[in-house]
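The values are calculated or read from the model by the stated rules, or taken from the named source; none is laboratory data. Being a predicted model, the structure only gives us computed values, none of them experimental. Counting neighbours? That spans all protein chains shown, and the Cβs are built from the backbone with ideal geometry, glycine included. With ligands, DNA and RNA removed, areas are computed over all heavy atoms of the protein, side chains included. Shrake-Rupley method; radii C 1.70, N 1.55, O 1.52, S 1.80 Å.
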Amino acid sequence: MFRKITFLILLFTAFWGYSQNAQLSPLSKISLLTVGTGEDLAAKFGHSAIRLQDPTLGIDEVYGYGNYDFDDPNFYLNFTRGKLSYTISRIPFKYFDYSYQQEKRWIREQVLDINLEQRNDIVTFLEHNLLPKNKKYKYDFLFDNCATRIPMVFEKTLGDTFKFDYNHLEDQLTFRELIRLKLNPNSWSNFGIDLALGSVIDREATPYEHLFLPIYVYEQMKHTTLNGKPIVKSESVILDIPEQEYRSLIFLTPLFWLSILLVLVCYITYTDFKNLRRNKWLDFGLFAVTGLVGVLILFLWFGTDHLATKANFNSLWAFAPNIVIAFMMIKKQIPSWMLTYIIFLTILLGITCMLWMFKIQVFSILLIIVLLALAIRYLYLIYYFKSTYLTKK
């Protein structure tokens, strides 16, 4: 009973304000928890959190950033526009551990070699973040997530003697390369990410920026010092579950469906060529889909606060005006300027390939199928419109 009362007093003191210091016992310890990847897209990149243990006070709690509340007003709209507020949370370790047992994700712990005053400073800082007026913050997948907040906490509480050594990094990767580390190239999640994220993520990330991935925070802590000494005192595996590879059935993959699209486009275009005709519904479908995708890309680029969706040159092949042109393609009479428009779209396909070649933006490898299907159809439409136009003249 005494321990529970002491624990409540500690929490009340910490919540009272940042100027009030937490008072832990000498037996307390603080550690970094790193969680492995899961099946859902949100879990593909792992998770980082800070654990506080104090057997004297009966405390075993986990602080984690990057949480959101589905009950927030306009949740889906704010999430899409990059305006959703994320929060820090504190939960008992037993619930933290149980949740990842259920998700079959490993947990590794790194106990930090820090003194009692530093432990108190870290807990006070975290509790200050938990105050209702402070707990919400604007999340960013690359620059302000559950992993990037961990070094931020240590930097702000441990001072200038807390130093990273990046010499262990053999290669510096681009943001896109880092994102792809845990994604299957033949998956809708990887294809969708490459479609939605722009050229801004194709620059090389600095060593510090690699820390947006929890596994890099975990590895970096092994090469981090405090007052010239390694900050990690000990490491252990709390939950030992081998990382699983999640494979989809072939007919559920983008490669399967995009290949069917290519075959369909080739077959219909070939029959159109033999009979000098034009399948209006194929053209409507291609223009409508590319137009809709283009509108979405432009919305993510200009209509949201997401930094990673800027300067997205997928908008060249997924050309937003196609959504309007699609309805013109189902008409019998096509205006003569349509030939010029199709030539322009074909040029855009070429520019897309050039941007890819010079790595100004790296696209999904599966996009080759899409570009090939569009090129085949556009080239035929150029031939068809030229032929019919000359015949009419």
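Of note:
- Any hit, the stretch 87-106, residues being assigned to a loop (DSSP other than H, G, I, E, B), crowded, with 16+ Cβ neighbours inside 10 Å, modelled with pLDDT of 90 or more and in contact with a strand residue (DSSP E or B) (Cβ under 7 Å, 6 or more places away or on another chain): yes
- Residues that are open to solvent by 80 Å² or more (accessible area, probe 1.4 Å) and assigned to a helix (DSSP H, G or I) are absent from the stretch 239-246 altogether.
- Of all residue pairs spaced 6 or more apart or on separate chains, those with beta-carbon atoms under 6 Å, a first member in the stretch 217-245 that is within 30 Å of Leu41 (Cβ to Cβ) and a second member that is open to solvent by 50 Å² or more (accessible area, probe 1.4 Å) and in a strand (DSSP E or B) are Val237/Arg108.
- Scanning the stretch 222-238 for residues that are part of a strand (DSSP E or B), open to solvent by 80 Å² or more (accessible area, probe 1.4 Å) and of a type outside the set (A, V, I, L, M, F, W, C) turns up Lys229, Pro230, Lys233, Glu235.
- Only one of the numbered conditions (1) of a type in the set (S, T, N, Q); (2) buried (at least 16 other Cβ atoms within 10 Å of the Cβ); (3) within 22 Å of Thr34 (Cα to Cα); (4) more than 12 Å from the chain's Cα centre (by Cα) is violated by Gln172, and that is (2).
- Residue match in the stretch 214-226 (condition: of a type outside the set (Lys, Arg) and within 13 Å of the chain's Cα centre (by Cα)): yes
- Conditions (1) part of a strand (DSSP E or B); (2) at pLDDT 85 or above; number of the one not met by Leu27: (1)
- Any chance Ile376 is without any contact (Cβ under 8 Å) to a residue 40 or more places away in the chain and part of a helix (DSSP H, G or I): no
- Options Ile343, Ile325: the member that is without any contact (Cβ under 8 Å) to a residue 40 or more places away in the chain, more than 22 Å from Asn190 (Cβ to Cβ) and buried (at least 18 other Cβ atoms within 10 Å of the Cβ): Ile325
- Filter result for Tyr166 (over 13 Å from the mean Cα position of the chain (by Cα), within 23 Å of Met152 (Cα to Cα) and part of a helix (DSSP H, G or I)): no
- Selection status of Pro214, touching a residue at least 24 places away in the same chain (Cβ under 8 Å), open to solvent by less than 30 Å² (accessible area, probe 1.4 Å) and either under 16 Å from Arg108 (Cβ atoms) or of a type in the set (Gly, Ala, Ser) (or both): yes
One line per residue, one yes/no per condition, for (1) within 16 Å of Val265 (Cα to Cα); (2) among the aliphatic types (A, V, I, L, M); (3) touching a helix residue (DSSP H, G or I) at 6+ places or on another chain (Cβ under 8 Å); (4) modelled with pLDDT of 95 or more:
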position	(1), (2), (3), (4)
Ile343	no, yes, yes, yes
Ile347	no, yes, no, yes
Cys353	no, no, yes, yes
Phe363	no, no, yes, yes
Leu367	yes, yes, yes, yes
Leu372	yes, yes, yes, yes
Phe385	no, no, yes, no
Tyr389	no, no, yes, no
